[in-house]
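Written below as structure tokens is the structure these notes are about.
The values are calculated or read from the model by the stated rules, or taken from the named source; none is laboratory data. In this text the structure is predicted, and so the values were computed from the model without any measurement. Note: ideal-geometry Cβ built from the backbone for every residue, glycine included; neighbour counts use all protein chains shown. Calculation scope for accessible area: heavy atoms of the full protein, side chains included, ligands and nucleic acids excluded. Shrake-Rupley method; radii C 1.70, N 1.55, O 1.52, S 1.80 Å.
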Amino acid sequence: MTESGAESELRGNGSVRKGCDPFAQTQRSKLQNRRARINQQINKEMRMRAGAENLFRATTNNKVKETVALELSFVNSNLQLLKEELEELNSSVEVYQNENESISVPMIPLGLKETKEIELMMPLKDLIEEHYNEAGCKYEKELKELMDLRQAMRTPTRNDAGIELLMEYYNQLYFIDNRFFPPNKNMGIYFHWYDSLTGVPSYQRALAFEKGSVLFNIGALYTQIGARQDRTTKEGINHAIDAFQKAAGSLNYLKENFSNAPSLDMSTPSLNMLVRLMIAQVQECVFENVMVAGVKDEFLIQLQSAQEAARVADVYSLVYQTMTQPPVKDYVPFSWTTMVQVKSEYFKAVSHYFAAVALCDHIMGPDDDESEQEKALQQLHVTMPEGPSLITVLKDKEERRKLGKAHLKKAIIKHEEAMRIHSLCRILRKMDILQEVLAVAHKRSLKKYSEIDREDDFFDTVEAPEIHPKTQQKPEIKTPNFSKVKVMDIFHRLGPLSVFSVKNRWSPAREIHLEKSEKGFGFTLRGDSPVLIAGVVPDGSADEAGLREGDYIVSVNEQDCKWSKHSDVVQLLKSISTEGVSIGVITLNIPEHQNNADRKSLLGTMSSTSIFSGNDKENSRKIADSNKSSGLLITWNKKKNTSKDGSTHSLPFIAVTEDGSFY
């Protein structure tokens, strides 16, 4: 079964609600299932090792110590074998490549982080009853929807639908955080995730760990999408460039917005390395774009190709340096480090090959711009080549051949170095595509060298200078656009987030029965969703019934009004019978230690409230879209706990005056 055949289901709002079939026997799913199995085995062995180490430290019996020491040696041996097996899985890059028969250099994708199932139903039910004063069983549908969404995001399809699924869950976590995770209370929910590179399990109670892990998987899935593109076409290359740039953006966003990650793959050194790796792969695709366009037998285009290849070699060299620095070198797969080093040497060779072809095949025509060609040749090298002036080289075929031959010699040396490094890695030796690419390029340089080599070449070949790296398209780090995936707060029924958040506390709902007197109700309203009692006229009907300034209306005659606009509430009040009206209200409990500015910001700006009569006027402002997901992230150590509620707004008002008229 191919992955494209895996089911995906779209809701009415366009969001993806189902992942791919975890039992589908695609190569990628088999790989991910093996990863999950290894993660569980590593977890088991680590627990055994921790227990054995504790026993070894605690016991004074030498016989027991010997037995435990032997057991520890077995456990450590098993852990080493599992680590090597996981490294081999991380090195299985061929599974993620495009399946066509074209020969192209393989890319390095990331495997998805695995997670354990968690029990959210009971803790969230308990909090709904305790904090929101509602029966938890009323929200079983919403709780199931949340659990289904989390389950689905564990197996995203390798396409845009999979990205949308992960982003939907990521955006939903903004609402979950504000609804259910108090800033100063432990919910007792542990989020378990396995390290993508080492398989070591990590867990935290902070929802930030869940968000960060999902963000890592968004970046990882983008790398898999980029690796699967057909890079023999311009369209495929551009799709790969876009995917790798978005992968770099996701991982960079994770690095900049989260701190103190509990797993190595999400540490700052690892993310730095991964971002650089993605940028290098973008740069490689940029070079391939030049190749797909066709390297014509034109001097300037050949030189540009040489500099593009040199730029790719340069960025891979930087990635290699990053991978070989502690602590990254201790856990990054050896095959990755080797492949990056191979690519650096390979593209150096390619850059010298194109420089040689440009020099050897060039014949200056009468219409050619000498100064432009001289300038291009001058910019090709890091240092000036030995021998005659560049204009002489351009005009003299023999001088061009000599310099071209020097570049070819260096190209052949670099190709052979790439092949030597490649042969040192057992995993890469199994990679037929890479081996074929290296062999074809090497033969191409040897063939060109044999074409220009002469038996009577008695001169000493000059040393070819290094090629100056230069690119026509600088890679971008594209920050993920979370707002493109619109989500509805699953627990929308609890009420507007500006009030009904776990960060606020309020009194239980009170039923106020109002009867309209000759002078009206005697209160003013302000705002939308929910409507606020902005003022109460002393000794009026509302005052005597117990209505207070700052109360929020949550129901009118048992009709839920948490999400009602003030005009809707006024309409309900207008249509009351002679028997009066029952209004359900709540009061926010604002701590006394909060300053006046904070208290006013919670209740809305009250100073502009007035009670007046006159023509019907409605001063309204549209409520901000509370479905808009905030991009703000919580750090691991909770340094910041800033909350941006999309539904915070300047409250318009409408008044119910003493003479019984509205406004």
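The figures follow:
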read-out: Centroid-to-centroid separation of the stretch 375-402 and the stretch 299-316 [C-alpha atoms, Å]; value: 17
read-out: Glu511, Glu145, reordered so the largest accessible area comes first (probe 1.4 Å); value: Glu511, Glu145
read-out: Low-density loop cleavage sites - GluC sites (Glu not before Pro) in the stretch 530-564, where at most 11 other Cβ are within 10 Å (DSSP); value: Glu558
read-out: Length added when fully stretched, Lys486-Asp560, from 0.36 nm per residue minus Cα-Cα; value: 24.1 nm
read-out: Estimated vicinal HN-Hα couplings, Hz - the stretch 243-253 in sequence order (Karplus 6.51, -1.76, 1.60; Gly, Pro = x); value: 5, 5, 5, 6, 4, 4, x, 5, 5, 5, 4
read-out: Residues whose placed amide H lies under 5 Å from that of His192, excluding near-sequence neighbours; value: Lys116
read-out: For the stretch 261-395: accessible area per residue (Å², 1.4 Å); value: 38
read-out: Cα-projected label distance for Ala439 with Arg505, points at 7 Å along beta-carbon direction, nm; value: 7.4
read-out: Extension reserve of the Glu117-Asn43 stretch, reckoned as 0.36 nm per residue once the Cα distance is removed; value: 25.1 nm
read-out: With eigenvalues of the C-alpha gyration tensor scaled by 5 and rooted, the stretch 164-315, Å; value: 40, 15, 11
read-out: Cut-off under 5 Å, modelled amide H: who pairs with Ser555 long-range; value: Cys561, Gly584
read-out: Solvent exposure ordering (accessible area, 1.4 Å, most first) of Met48, Met121, Met107; value: Met48, Met121, Met107
read-out: Accessible surface of the stretch 479-543, 1.4 Å probe, proportion on carbon and sulfur as whole %; value: 50
read-out: Calculated FRET value between Arg548 and Asp126, using beta carbons and R₀ = 30 Å, to 0.05; value: 0.50
read-out: Simple label model, 7 Å out from Cα along Cβ direction - Ile363 to Ile391, nm; value: 2.3
read-out: The stretch 176-331, accessible surface, carbon-and-sulfur percent (1.4 angstrom probe); value: 46
read-out: Built amide H within the under 5 Å cut-off of Phe523, gap 5+; value: Val537, Val656
